[in-house]
1. State the percentage of accessible surface on the chain attributable to carbon and sulfur atoms; use a 1.4 Å probe and exclude ligands, DNA and RNA.
2. Compute the whole-percent fraction of alpha carbon pairs in region 20-70 spaced more than 17 Å apart.
3. Tell me, what is the per residue accessible area of the chain in Å², probe radius 1.4 Å?
4. Around Ala61, under 14 Å between beta carbons, what's the net of Lys plus Arg minus Asp minus Glu among the other residues?
5. Of Lys87, Lys43, which has the most accessible area with a 1.4 Å probe, and how do the rest follow in descending order?
6. Below 19 Å, Cα to Cα, which lysines can Lys87 reach? Residues fewer than 8 away in the same chain don't count.
7. Enumerate the residues in region 1-31 having an amide nitrogen under 19 Å from the point lying 7 Å beyond the Cα of Gln116 toward its Cβ.
8. Show Arg27, Arg72 ordered by accessible area, largest first, where the area counts protein heavy atoms only and the probe is 1.4 Å.
Amino acid sequence: QVQLVESGGGLVQAGDSLRLSCAASVRTFSRYAMGWFRQAPGKEREFVAVIRWNGDTADYADSVKGRFTIPRDNAKNTVFLQMNSLKPEDTAVYYCAADRGFGYSRNANDYDAWGQGTQVTVSS
């Protein structure tokens, strides 16, 4: 059973950068596709980014493409979300998720484990 712990959230201004981290407590981390999702107040959880198990392919929501990246370090069992040029509409609770598979999915139902979330607030 994989456990995920996010960190790195906080309050920033529009245009700033922030890097979220997600540490996984599992020996087979490299077998998991890792995703980031977010949920703003009053809205449904939405896909942000996903990276394949080996790090060779990533997918991004249109709303963050060109601003966010999702690197991973399999040696440290960690996936990151590098967020640049942040906007107030990026304000949300950000969750990382693990999918034990060789694909990479935008569908939250495909993920096997979730972190507790970390708050990101972007002021204008």
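1. Working: 2820 of 6320 Å².
It is 45 percent, rounded to a whole number.
2. Values: 541 of 1275 pairs.
Tail fraction, whole percent: 42.
3. Values: 6320 Å² over 124 residues.
Per residue, the chain has 51 Å² of solvent-accessible surface.
4. On the way: positive: Arg38, Lys43, Arg45, Lys65, Arg67, Lys87, Arg106; negative: Glu44, Glu46, Asp59, Asp62, Glu89, Asp90.
Here the count lands on +1.
5. Numbers: Lys87 85, Lys43 135 Å².
Output order, biggest surface exposure first: Lys43, Lys87.
6. By straight Cα distance, Lys87 reaches Lys43, Lys65.
7. Label zone hits: 1-11, 20-26.
8. Numbers: Arg27 230, Arg72 40 Å².
Output order, biggest surface exposure first: Arg27, Arg72.
The values are calculated or read from the model by the stated rules, or taken from the named source; none is laboratory data. Please read all numbers here as calculations on a predicted model, not as lab measurements. Heads up, the Cβs are rebuilt from the backbone with ideal geometry, glycines too, and the neighbour counts pull from every protein chain shown. Note: areas computed on protein heavy atoms with side chains; ligands, DNA, RNA excluded. Shrake-Rupley method; radii C 1.70, N 1.55, O 1.52, S 1.80 Å.
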